Amino acid sequence: MPRRLEIVTINLKGQRKMPKMKTKSAAKKRLRLTGTGKVRANVAFKRHQLSCKTSKMKRQARGTFIVAAVDTPAVKKHYLPYGG
């Protein structure tokens with residue numbers, strides 16, 4: 001079994017640094033942070049088969065919404081570690 005190479009960065013003082021976390025590509029495209037630190041996302045169910053959806057539903061699905069406060073810490077930590 002091949003050994004996994006570990007990429008480690010070393011700063012000027014010769015100390016090892018932890019590698020940077022990567023922002024999830026899907027989250028970059030779908031989520032963004034507001035100025036106050038809340039997470040904003042697009043509303044779902046407005047891409048296809050719009051003829052069978054009511055006008056009220058299509059109207060309310062415009063724009064974006066603020067993600068629930070319960071989910072915000074997890075999104076910031078795991079999906080947008082540097083603010084997206």
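Values computed for the structure shown
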read-out: Among residues of the stretch 6-32, those that are assigned to a strand (DSSP E or B) and surrounded by 10 or more Cβ atoms within 10 Å (Cβ to Cβ), counted; value: 3
read-out: Among (1) free of Cβ contacts under 8 Å to residues at least 24 places away in the same chain; (2) closer than 25 Å to Y82 by Cβ; (3) not basic (K, R) - the single one A41 does not satisfy; value: (1)
read-out: Members of the stretch 33-80 that are assigned to a strand (DSSP E or B) and closer than 20 Å to K22 by Cα; value: L33, V39, R40, A41
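Only the coordinates and a few stated rules stand behind these numbers; no lab work does. Source: prediction; values computed, not measured. Neighbour counts are summed over all protein chains in view; Cβ atoms, including those assigned to glycine, are modelled from backbone coordinates with ideal geometry.
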